[in-house]
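Just below is one structure, and these are the notes that go with it.
The values are calculated or read from the model by the stated rules, or taken from the named source; none is laboratory data. No experiment lies behind these values; they were computed from the predicted model shown. Counting neighbours? That spans all protein chains shown, and the Cβs are built from the backbone with ideal geometry, glycine included.
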Amino acid sequence: MRIVLNGKPCDVARERLDAVLEELGYQGDTVATAVNGAFVGRRVRGETTLGEGDQLEVIAPMQGG
Amino acid sequence: MRIVLNGKPCDVARERLDAVLEELGYQGDTVATAVNGAFVGRRVRGETTLGEGDQLEVIAPMQGG
Amino acid sequence: MRIVLNGKPCDVARERLDAVLEELGYQGDTVATAVNGAFVGRRVRGETTLGEGDQLEVIAPMQGG
Amino acid sequence: MRIVLNGKPCDVARERLDAVLEELGYQGDTVATAVNGAFVGRRVRGETTLGEGDQLEVIAPMQGG
Amino acid sequence: MTAFYGVELSNRLMLGTAQYPSPAILAEAVRAAGVDVVTVSLRRESAERRDGQAFWDLIRALGVRVLPNTAGCHSVKEAVTTAEMAREVFGTPWVKLEVIGEHDSLQPDLFGLVEAAEILSAEGFQVFPYTTEDLVAAGRLLDAGCEVLMPWGAPIGSGLGLNNLYGLRSLRAHFPDVPLVIDAGVGLPSHAAAAMELGYDAVLLNTAVAKAGDPVAMAAAFSQAIAAGRAAFEADPMEPRDMAAPSTPVIGKAFLG
Amino acid sequence: MTAFYGVELSNRLMLGTAQYPSPAILAEAVRAAGVDVVTVSLRRESAERRDGQAFWDLIRALGVRVLPNTAGCHSVKEAVTTAEMAREVFGTPWVKLEVIGEHDSLQPDLFGLVEAAEILSAEGFQVFPYTTEDLVAAGRLLDAGCEVLMPWGAPIGSGLGLNNLYGLRSLRAHFPDVPLVIDAGVGLPSHAAAAMELGYDAVLLNTAVAKAGDPVAMAAAFSQAIAAGRAAFEADPMEPRDMAAPSTPVIGKAFLG
Amino acid sequence: MTAFYGVELSNRLMLGTAQYPSPAILAEAVRAAGVDVVTVSLRRESAERRDGQAFWDLIRALGVRVLPNTAGCHSVKEAVTTAEMAREVFGTPWVKLEVIGEHDSLQPDLFGLVEAAEILSAEGFQVFPYTTEDLVAAGRLLDAGCEVLMPWGAPIGSGLGLNNLYGLRSLRAHFPDVPLVIDAGVGLPSHAAAAMELGYDAVLLNTAVAKAGDPVAMAAAFSQAIAAGRAAFEADPMEPRDMAAPSTPVIGKAFLG
Amino acid sequence: MTAFYGVELSNRLMLGTAQYPSPAILAEAVRAAGVDVVTVSLRRESAERRDGQAFWDLIRALGVRVLPNTAGCHSVKEAVTTAEMAREVFGTPWVKLEVIGEHDSLQPDLFGLVEAAEILSAEGFQVFPYTTEDLVAAGRLLDAGCEVLMPWGAPIGSGLGLNNLYGLRSLRAHFPDVPLVIDAGVGLPSHAAAAMELGYDAVLLNTAVAKAGDPVAMAAAFSQAIAAGRAAFEADPMEPRDMAAPSTPVIGKAFLG
């Protein structure tokens, strides 16, 4: 299935968000996720499934002013 | 009938706004009116009747900055 | 002999400046002196004699900005 | 005789300042003169003679702020 | 010449009509300044005293255009109703929209201002909003249909001048084609001239003239200073520089060592 | 009207004559500003080119009073000799005395200035000293015989305006009866108006007009702003206050809650 | 000591973490300044590069409290979603709420700001709104549940200092009990000290430290100046006066005529 | 570290000793600020009261260096004689030379100052002249043998801060290697920090500390602000810019449209 990860097309095999994150290599990382512009909390990743063309944002801490 | 004219109680005999204005001595004056906080245009004064306790504002030009 | 000490008339018995200072009770004090508007250094007090009406200034440290 | 006119060497035949000015072509002009850094007024030009190497300044109105 | 809702003014000073020692002095001041526009307001009329009628006769006699304000309105509803009454009384679609947000500074309530501007523009008013130098509020007022903006220089009646020069300069830069009028806070002709030198299109003031020792002379002085400031803006002023530059040329200087 | 060595001027702007795009524009600017006094200087004359004669004809045709300067003089001797030559050439006892102390700021050398002022006053000159806001130097210049003082606003040609407002205000306050002219540094009409509002008697400038995109319009603008600033000073301006004060009266306001 | 949502800080400087020459210098600067709070942000994470993880480890090692921002958000929705992600990632209810209204000035969009503040407060966030000196917006933010306000001094990264001193003074006067933090625009320690002398409770800055030649020394300097400014505010400064007053007593002066 | 006549100070604040609520508070303030140098003066001593002796014991106990002033002297002769007495009493060649020229502003008499500086330098004094920002006077004072200059910020005791920022900046630029001390007029730590950020070497003040509600805390605050301002100067501050620049990087921002 092809989704959009952080603005770039990306093929993933799994559907559940937690599984997708693992597949993409984010396991254990301090990241937050949004799907199609809406925040998806860590707790509900297990109940969230991605579909074709979904926009997934995986974000992490950065420098800020 | 007792209304409130410019914040003060006032007894008037007539009910139609144009008549009330005449009764109050405003005929011919450059004034605008509001009843109970809503603007009542010159044209519709004839169709506007006042009731007991209505708040009538009769205002005119003044100095302004 | 009457001199002017710090702006006020004052009678002194002695004439030599060092003696006058002692007579006035300044011995041992940290003071500087001027006679008739001119500075008189400590070393030369012994050679300086005062005359009738001389203006003696005896000054000491004070607060300053 | 060679003098310095306005900073540049210049040969003149005459010696009296009024004559020199005429020789140099300034007659009738609104100019003031200084010789060796000192002002020489119009009235005394006739009594002023220049010598070898004298510095003559001939100045006139200009724009100013 | 800048047009305000299609109206070109011959004078970039707009003058308030309040607080003068007398109606006669007000009239003289208006004439001395040669203004085209004066601001006016509304208040309760007594059928006996008829003060409003007398004032209105005075203004009409001056033959100037009036810009009614909604002074003292603290709510959108009040401001809108006041504007509606003003339109009927003064017979003009122009309104200087004030929605006051705070008592001590009399600063605009930008939130209420935008809301009221939308309502009044939809009702066909030509709104002159009394606002701040806020760029976002400015954009929203333009979206609401305003074709003129009137940012404050300083609090009404303070005479402090231009409190936020940086902000006023930014506003001018961001909206190069919108007529901008400094409204309120101007205390001296030099303040008004400075506003015009920034590229503002007009200045509206009242207290600085009405409360001067000689309001008539002060009105003329402001009119003159505003014209001067605008002329300077159009004449392309020199760039200031940090060091000196001789105005009198140095070449050809006599040697008098 | 203030008198400068007994001469009353109809215009409080004094204009420099240097740096204009052309003599024609200089002449136009002088006429547009309607000034009574222009500053001039001296330089070496070539018998062939005769530039000075042409310039002098131009100035005389303008029918204005000239104030010769000693621009560029760094020593007392130079300044005095230059003044002497100027008096003969221009036929006036007036001299704008400049003794320059430093190249980057072209600031006055107050020490040389006082010395030169004493010499020239003794020789019968009517000295207009280009000075700073220094109160002590001002006192010495007056003791030297000067009846006018010309403090700088900012370095010559900088256009920065009034760098030391406090100092200029003090100078005005300490010498209420001495004609004071702001000379140098003024860049915009609002600067000039502000100087007049402080109670100064006149403003002398050159670069801000000559280097403007449109010198003629700018000359007129300065003339206007200076008149406005003076009128405001005489009209007794309002006191600025820290808080707002409604210009539109609040009593009688309609209740539209 | 002022409390920010119940948290008392030992240092009134809050420091941004961006634009430093290196992570090591950032860490040193934070230690040198001795700050309790640093601002942080969020960005897309690459599973390969894992930059975010490395940065987060660095910050945690500093043992400071983080204030996540919503920098670069131009809509309410963006700002709210970003805040929600920040809360999860950083494990704090604190958020520096930025709703940017305009590109050149990066000024707050007061309309979007109030709306987002209402939403986030309702969701249990402790909002630090990046706002202007606008009094009405301030009141609405407090009504929305904000217990701290962070008005700008000048545009982000400009280093201009306090552009609207009058407005900032009014804000302080109108909300004497609300913790106020100057956020953005501060360029020099003297600017920060001046803000504290006005009675502000803290200063948040980034560029002035990170872009200094020596960020570590500059961080310490700001920390020191802010402490000094606060101490001065609490020590009740003298009233400035227009005239001089001898500091050295004159009585008892020797007569040396 | 800058040396003042060969003496390196560990603290760039010099503190006056007058006007404190009590000698104990003066002593505490000096300790709290950690200053190396205090200014002192002279007055008539009464053999009975012996006030001077008590004051002198207090100062000696503080173990600080003293800088005697010639406060209140209006003539060269007075100033010179006072300096001579001070040298004997305090046993130091240092003297803060004041030749006051005018009562309301207590401004220096630059003419008398240069003359007195020449005399005292020739007598072996190390002169700290209280002067203005005047560049020519500065040059003459250096020629007279002064190795330090002490320009005023504003009139003594006014607390107005730096009245002529332009002039003070020029002075610093023209004499990059001369130790420059801002003396007088400073009212707040932010003023002192600003002076140091301009590159000044030290600040001398008295009234702002002595007349504060809490002189001890204020003394410490000034000491801190001056250190901060100097550190900032040495840390090479960012250049201010007219427009904003995001402190938080924009690349990598999540898309949350």
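Quick rundown of the values:
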quantity	calculated
Looking only at segment H:232-257, and only at residues there that are part of a loop (DSSP other than H, G, I, E, B) and more than 14 Å from chain A (Cβ to nearest Cβ), the one that is surrounded by the fewest Cβ atoms within 10 Å (Cβ to Cβ)	H:Glu239
Residues of segment F:39-57 satisfying the condition of being facing another protein chain (nearest Cβ under 7 Å) and assigned to a helix (DSSP H, G or I)	F:Gly52, F:Gln53, F:Phe55, F:Trp56
Residue within segment E:64-78 that is modelled with pLDDT under 95 and farther than 30 Å from E:Leu110 by Cα present	no
Selection status of E:Pro179, touching an Asp or Glu at 6+ places or on another chain (Cβ under 6 Å) and surrounded by fewer than 24 Cβ atoms within 10 Å (Cβ to Cβ)	yes
Options G:Val209, G:Val181, G:Val186; residue that is in a helix (DSSP H, G or I) and in contact with a Leu (Cβ under 8 Å, 6 or more places away or on another chain)	G:Val209
Residue selected from segment H:12-49 under the condition over 28 Å from C:Thr33 (Cβ atoms) and among the charged types (D, E, K, R), by the criterion surrounded by the fewest Cβ atoms within 10 Å (Cβ to Cβ)	H:Arg31
Checklist (1) in contact with a Gly (Cβ under 8 Å, 6 or more places away or on another chain); (2) touching a residue at least 40 places away in the same chain (Cβ under 8 Å); (3) aliphatic (A, V, I, L, M) applied to G:Ile226, failing item	(1)
Condition met for F:Leu171 (within 13 Å of chain E (Cβ to nearest Cβ) and either out of contact with any Ser or Thr (no Cβ under 8 Å at 6 or more places or on another chain) or closer than 21 Å to E:Thr248 by Cβ (or both))	no
Hits in segment E:59-73 - residues which are touching a strand residue (DSSP E or B) at 6+ places or on another chain (Cβ under 7 Å) and not in a helix (DSSP H, G or I)	E:Val64, E:Arg65, E:Val66, E:Leu67, E:Pro68, E:Asn69, E:Thr70, E:Ala71, E:Gly72, E:Cys73
Positions within segment C:29-51 being in contact (Cβ under 8 Å) with a residue 24 or more places away in the chain, part of a loop (DSSP other than H, G, I, E, B) and under 18 Å from C:Pro61 (Cα atoms), in sequence order	C:Asp29, C:Thr30, C:Val31
Any hit, segment G:177-197, residues being farther than 28 Å from H:Ala244 by Cα and facing chain H (nearest Cβ under 10 Å)	no
Residue within segment G:31-46 that is over 30 Å from G:Ala193 (Cβ atoms), among the acidic types (Asp, Glu) and in contact with a Leu (Cβ under 7 Å, 6 or more places away or on another chain) present	no
Residue that is surrounded by the most Cβ atoms within 10 Å (Cβ to Cβ), among those in segment D:18-51 that are over 17 Å from F:Leu42 (Cβ atoms), within 11 Å of another protein chain (Cβ to nearest Cβ) and of a type in the set (S, T, N, Q)	D:Asn36
Qualifying residue in segment F:120-133 (condition: under 17 Å from F:Ala83 (Cα atoms), aromatic (Phe, Trp, Tyr), away from chain E (no Cβ under 14 Å) and part of a loop (DSSP other than H, G, I, E, B))	yes
Qualifying positions in segment E:92-102 - surrounded by fewer than 24 Cβ atoms within 10 Å (Cβ to Cβ) and within 10 Å of chain G (Cβ to nearest Cβ)	E:Gly101, E:Glu102
Total residues in segment F:58-73, condition at the interface with another protein chain (Cβ under 10 Å from one of its Cβ atoms) and either within 18 Å of the chain's Cα centre (by Cα) or under 21 Å from E:Leu256 (Cα atoms) (or both)	8
Subset of segment G:140-151 [of a type outside the set (Val, Ile, Thr) and crowded, with 18+ Cβ neighbours inside 10 Å]	G:Arg140, G:Leu141, G:Ala144, G:Cys146, G:Leu149, G:Met150, G:Pro151
Set E:Leu110, E:Leu106: member being closer than 20 Å to F:Ser247 by Cβ, of a type outside the set (D, E, K, R) and within 7 Å of another protein chain (Cβ to nearest Cβ)	E:Leu106
Single unsatisfied condition, D:Val12 versus (1) farther than 25 Å from F:Phe55 by Cβ; (2) surrounded by fewer than 17 Cβ atoms within 10 Å (Cβ to Cβ); (3) free of Cβ contacts under 8 Å to residues at least 40 places away in the same chain	(2)
Any hit, segment G:117-132, residues being closer than 27 Å to A:Gly7 by Cβ, without any contact (Cβ under 8 Å) to a residue 40 or more places away in the chain and touching a strand residue (DSSP E or B) at 6+ places or on another chain (Cβ under 9 Å)	no
Count - residues of segment E:204-257 that are of a type in the set (Lys, Arg) and under 30 Å from F:Ala83 (Cα atoms)	2
Answer residue from segment E:74-90, given it is touching a strand residue (DSSP E or B) at 6+ places or on another chain (Cβ under 9 Å) and more than 8 Å from every other protein chain (Cβ to nearest Cβ) and is surrounded by the fewest Cβ atoms within 10 Å (Cβ to Cβ) among those	E:His74
Tally of residues being hydroxyl-bearing (Ser, Thr, Tyr) and within 10 Å of another protein chain (Cβ to nearest Cβ) across segment H:198-216	1
G:Leu165 of a type in the set (A, V, I, L, M) and buried (at least 24 other Cβ atoms within 10 Å of the Cβ)	no
Meets criteria (modelled with pLDDT of 95 or more and assigned to a loop (DSSP other than H, G, I, E, B)) for H:Val216	no
Meets criteria (out of contact with any Pro (no Cβ under 6 Å at 6 or more places or on another chain) and not polar (S, T, N, Q)) for H:Val148	no
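Let's see how each residue does on (1) surrounded by fewer than 24 Cβ atoms within 10 Å (Cβ to Cβ); (2) in contact with a helix residue (DSSP H, G or I) (Cβ under 7 Å, 6 or more places away or on another chain); (3) part of a helix (DSSP H, G or I):
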site: E:Ala137; (1), (2), (3): no, yes, yes
site: E:Gly153; (1), (2), (3): no, yes, no
site: E:Gly157; (1), (2), (3): no, yes, no
site: E:Gly161; (1), (2), (3): yes, yes, no
site: E:Ala192; (1), (2), (3): no, yes, yes
site: E:Val203; (1), (2), (3): no, yes, no
site: E:Arg230; (1), (2), (3): no, yes, yes
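Yes or no, residue by residue, for (1) farther than 26 Å from H:Gly6 by Cα; (2) among the charged types (D, E, K, R):
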| site | (1), (2) |
| --- | --- |
| H:Ser158 | yes, no |
| H:Ser190 | yes, no |
| H:Met196 | no, no |
| H:Asn206 | no, no |
| H:Ser223 | no, no |
| H:Arg241 | yes, yes |
